[in-house]
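Notes follow the structure.
The values are calculated or read from the model by the stated rules, or taken from the named source; none is laboratory data. Since we're looking at a predicted model, the values are computed, not measured. Ideal geometry is used to build each Cβ from the backbone, glycine not excepted, and the neighbour counts take in all protein chains shown. SASA here: full protein model, heavy atoms, side chains in, ligands and nucleic acids out. Shrake-Rupley method; radii C 1.70, N 1.55, O 1.52, S 1.80 Å.
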Amino acid sequence: MKFTMNRAELLGAAKRGENVAPHDSVLDVLKGLLMETDAASGVLTMTATNLEVTLEQKLPCGACDSDAFVLNARLAVSMLEKLGGDTVTLEHTPGRPQLRLSSGDAEYLVPVWERASYPRLEIPFPEDTVKVSGIPGMAKRTVFAAAQDNSKPLMKCVNLKFTRDGLRAVVGNGSCIVTAKGDESSTGDVSLLVPALSLEKLARLCSDKDEFRVGTTGKAIVFLKENFTYSARLLEGDYIDAEGLIGSVRNQFVVLTGVAELKKALEIATCVEAGGKVCLTFDGQRLTFRCQGENGTISSPLDVIPLTGTPQGEFWYLSEQLMSCLRSLSGTVKLGAAQGGMLTLEAEDACYLQTGVRPGFAVVKEKKEKKKTVKQPAKKAA
């Protein structure tokens, strides 16, 4: 098998595959890219997997023979980056553990593995799929709230719900909950638990305009579009009833403000203690962020528009969680405070709920000066 193809296209596909292939796997074959050529269609199919997610890409190659081999992902990217020229030639003899890769006057001879030991990708039936778009936008509004604790695998997931009203996404980590609207045309009656990291990887590989056909094989959710297939392993279990929980919250008051203004005020206040607590004080049309740290205490006020109730009182939250939420939103937002210090943020396509924390800033420890020890001269014997 010998064929020539565009070097930039092959490099781009190899880089995307390298982001999926595990560099530290105990199985050498999983560190690689499965390269399959089809003589009938003249297409090169490149597959990468870490057993959690699988990425399959198709590229035109004009191959005259059908063949398959596995090439180390990092090695492939490194070689293609260093080679010059617009095209690259790959030559492999079926059954032999070597690949010849060349461009211009440069040539590499590198080891490859057989295809037999590489995991196969399962594809759902076309009639069992639905259309989905806007994946990056939905991921931006949700994945930040997934838990990081490995002891709670379900809370590290995004709950994708295909309903008669369209796609919905829910995430909760115990102290905050996010619900976001997805593609309204993605209707159905199924609820799936997708690891947040898997959804985040897909979001980096596509744009909001990309339209997928989405289906499930039972163990995985599969996103398909022309020359691109992405599969992510599903988890099983009972997830939190986020809609019921959010629906039960009754705000004491609600104000209207801009997300950009909230972020700016929070950034100013937390510059003295980015990872601590922040105090939100409401007084009519004035909201004030206050934070204390080693560099002092800062208060950052902004004007808001009261919508319901009488905005008043003092509430405490973890500043990093609040900032993560604000980074995922844009435009105007309805900010509310419920009993127990529960904070709600409602935008047009997302709802965020964060539990409050106990009042008070972390105690700033003063640096103790080291006492100098002065050695006394030894007394002479009388």
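Points worth noting:
- Selection of the range 249-285 for residues being assigned to a strand (DSSP E or B), open to solvent by 20 Å² or more (accessible area, probe 1.4 Å) and within 19 Å of Leu329 (Cα to Cα) yields Val254, Leu256.
- Residue in the range 129-137 that is open to solvent by 40 Å² or more (accessible area, probe 1.4 Å) and touching a residue at least 40 places away in the same chain (Cβ under 8 Å) present: yes
- Residue list for the range 1-24, restricted to those being open to solvent by 60 Å² or more (accessible area, probe 1.4 Å) and either among the charged types (D, E, K, R) or over 15 Å from Gln57 (Cβ atoms) (or both): Lys2, Thr4, Glu9, Lys15, Arg16, His23, Asp24
- Of all residues in the range 53-80 being charged (D, E, K, R) and modelled with pLDDT of 95 or more, the one that is farthest from Ala21 (Cα to Cα): Lys58
- Subset of the range 286-317 [aliphatic (A, V, I, L, M), open to solvent by less than 70 Å² (accessible area, probe 1.4 Å) and assigned to a strand (DSSP E or B)]: Leu287, Ile298, Leu302
- Whenever a residue of the range 270-288 is of a type outside the set (D, E, K, R), its partners that are open to solvent by 60 Å² or more (accessible area, probe 1.4 Å) and assigned to a helix (DSSP H, G or I), lying with C-beta atoms within less than 6 angstrom and at least six residues away or across chains, give the pairs Gly275/Glu320.
- Members of the range 167-187 that are buried (at least 17 other Cβ atoms within 10 Å of the Cβ) and either under 20 Å from Glu127 (Cβ atoms) or in contact with an Asp or Glu (Cβ under 7 Å, 6 or more places away or on another chain) (or both): Leu167, Thr179, Ala180, Lys181, Asp183, Ser186
- Flag for Ser328 being crowded, with 16+ Cβ neighbours inside 10 Å and either at positive phi or in contact (Cβ under 8 Å) with a residue 12 or more places away in the chain (or both): yes
- Residue, nearest to Pro111 (Cα to Cα), within the range 25-55, restricted to residues that are open to solvent by less than 30 Å² (accessible area, probe 1.4 Å) and not aliphatic (A, V, I, L, M): Gly32
- The range 105-116 - residue that is in contact (Cβ under 8 Å) with a residue 12 or more places away in the chain and open to solvent by 80 Å² or more (accessible area, probe 1.4 Å) and, of those, farthest from Leu75 (Cα to Cα): Glu114
- Positions within the range 223-234 being out of contact with any Phe, Trp or Tyr (no Cβ under 7 Å at 6 or more places or on another chain), buried (at least 16 other Cβ atoms within 10 Å of the Cβ) and either of a type in the set (A, V, I, L, M) or part of a loop (DSSP other than H, G, I, E, B) (or both), in sequence order: Ala232, Leu234
- Boolean, Arg96 is farther than 28 Å from Leu224 by Cβ and in a loop (DSSP other than H, G, I, E, B): yes
- For Ala68, the test of being open to solvent by 20 Å² or more (accessible area, probe 1.4 Å), hydrophobic (A, V, I, L, M, F, W, C), within 20 Å of Asn227 (Cβ to Cβ) and part of a loop (DSSP other than H, G, I, E, B) is failed.
- Matching residues in the range 8-51 - criterion: being under 20 Å from the mean Cα position of the chain (by Cα) and outside any helix (DSSP H, G or I): Asn19, Val20, Ala21, Pro22, His23, Ala48, Thr49, Asn50, Leu51
- Subset of the range 138-149 that is of a type in the set (D, E, K, R) and outside any helix (DSSP H, G or I) - its residue that is surrounded by the most Cβ atoms within 10 Å (Cβ to Cβ): Arg141
- Flag if Asp86 is of a type outside the set (Lys, Arg) and either open to solvent by less than 20 Å² (accessible area, probe 1.4 Å) or closer than 17 Å to Phe3 by Cα (or both): yes
- Hits in the range 117-128 - residues which are more than 18 Å from Phe162 (Cβ to Cβ) and open to solvent by 100 Å² or more (accessible area, probe 1.4 Å): Arg120, Glu122
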